[in-house]
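The values are calculated or read from the model by the stated rules, or taken from the named source; none is laboratory data. Since this is a predicted model, take the numbers as computed values, not measurements. Counting neighbours? That spans all protein chains shown, and the Cβs are built from the backbone with ideal geometry, glycine included. Note: areas computed on protein heavy atoms with side chains; ligands, DNA, RNA excluded. Shrake-Rupley method; radii C 1.70, N 1.55, O 1.52, S 1.80 Å.
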Amino acid sequence: MTERIGAEEEFHIVDVESGRLVPRAGTLLDRLGGPGFRRELQQSAVESNSRVHDTLEALFADLSRTRRRLDAVASSLGLAVVAAGTVPLAHVTSHQVTADPRFRRMADDYRRVADEQLICSAQVHVDVPDRDTAVRAMCLVSPWLPPLLALTASSPFWLGADTGYASWRTMLWQRWPTAGPVGCYRSAAAYDAAMAELIDSGVITDAGMLYHDVRPSAHQRTLELRICDACPRAETVVLVAGLFRALVRDALDRLERGAEPECDGHHEWLRAASWRAARSGLEGRLVDPATRRGTPAPTVLRGMLHRLRPALEAHGDFTTVRTLLDEALATGSAAHRLRRSARDEDLLAGIDMLAAETRGDRLAPSTARRRHRHPSDPPGAAEAPTPAHVPSATTPGTPG
């Protein structure tokens, strides 16, 4: 059986000249029209939803088309879209919440937490047979989610300052009452009862506010990954999708063999592992899920690749994922690339780099601003970028 995959991506909207976050989602969505896009809590972000796909290559093509469409419409308005956990230049205010009753209530209830929800994430859905299986699989996949966060870390700056973290979005996100590790449940009924208790407490208002790192979808037969920063490069989303699908496949295989989760009920180390990934990204140590000890990020991720090889090969994903992982480890996290751009030039050059990567360009920081297409430029006025790509499953690679 091939578990199908899909992705949701959130994008910041920035002014193309100043690089600052702007509340222009309504204007952008009016120009986009049609399904596939929706509003977020803050008017400075939009979300896109991919179609459902069997292969990583098809998912990449879908994400790339969406990003090009977003870029074309945004640039016609003097805007750019940026897929990253945060953008470096933003201003916190209580007056930019989307005019929607649910969002207004959230803003009233959570105040500064909602005001500072100037963050974006990437979410991946993977097919599961039923809700019971999804809930039982969560316990098996959860230890391996912090390394996926490290792969996507793209938010070192907040309100113009370097936070010292690779994913400051994670630190902002974890202030919500249900964010973080989900815990383990033996059935969908047990999980649903616990979640209903949260809603009944009045701390959250509905199931849409269950912000755990992974959760069963309320509307589809999928398991949903929610721990990741939004990713400037679509290839990173595809890499994470491949690894997460393999984690789910591996969990399903274990459950079919009767291997119930060996859960001791202690999840403190999982929250600590997420903090470590948010702090270090790919450039430091992670908590190795196999040993629960600090280990260099490349070692953890290559160990994860080796562990998941049978599940990756079952979907024909091993070569693609290995190649993308090699590239990710060689180029470093988006947080690392952004810091380097800001150090070599300035924050605006870093924002230009993020926007260029979001639309699929691979531009050196020093040329990103020079090559950016202005709304008044004729088509093709910008120099041709180096296109992004995802290798096919038959792309040669180094032995695993």
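The residues of the range 44-60 that are of a type in the set (A, V, I, L, M) and open to solvent by 40 Å² or more (accessible area, probe 1.4 Å) amount to a single one, 52. Those helices (runs of 4 or more DSSP H) of the range 107-220 in which at least 2 residues are touching a residue at least 60 places away in the same chain (Cβ under 8 Å), considering only elements entirely within it, cover 112-115, 131-141, 145-152, 168-173.
Within 19 Å of the chain's Cα centre (by Cα) and modelled with pLDDT of 95 or more: does that describe residue 316? Before you say what the answer is, go through the steps one by one.
Numbers: within 19 Å of the chain's Cα centre (by Cα): no; modelled with pLDDT of 95 or more: yes.
No, not satisfied.
Annotation for the range 51-64: no member residue is under 17 Å from residue 211 (Cα atoms) and without any contact (Cβ under 8 Å) to a residue 40 or more places away in the chain.
On the stretch given as the range 71-106, residues that are under 30 Å from residue 337 (Cα atoms) and in contact (Cβ under 8 Å) with a residue 60 or more places away in the chain total 21. The single condition from (1) surrounded by fewer than 20 Cβ atoms within 10 Å (Cβ to Cβ); (2) in contact (Cβ under 8 Å) with a residue 12 or more places away in the chain that residue 331 fails is (2).
The set of residues in the range 221-233 that are out of contact with any Cys (no Cβ under 9 Å at 6 or more places or on another chain) and either outside any strand (DSSP E or B) or open to solvent by 50 Å² or more (accessible area, probe 1.4 Å) (or both) comprises 221, 231, 232, 233.
Can you give me the number of residues within the range 288-300 that are surrounded by fewer than 22 Cβ atoms within 10 Å (Cβ to Cβ) and either touching a residue at least 24 places away in the same chain (Cβ under 8 Å) or aromatic (Phe, Trp, Tyr) (or both)? Walk me through it before giving the result.
The first filter runs over the range 288-300 and keeps only residues surrounded by fewer than 22 Cβ atoms within 10 Å (Cβ to Cβ), leaving 288-296, 298-299.
With the extra rule that they be either touching a residue at least 24 places away in the same chain (Cβ under 8 Å) or aromatic (Phe, Trp, Tyr) (or both), the set shrinks to 289, 298.
Number satisfying all stated conditions: 2.
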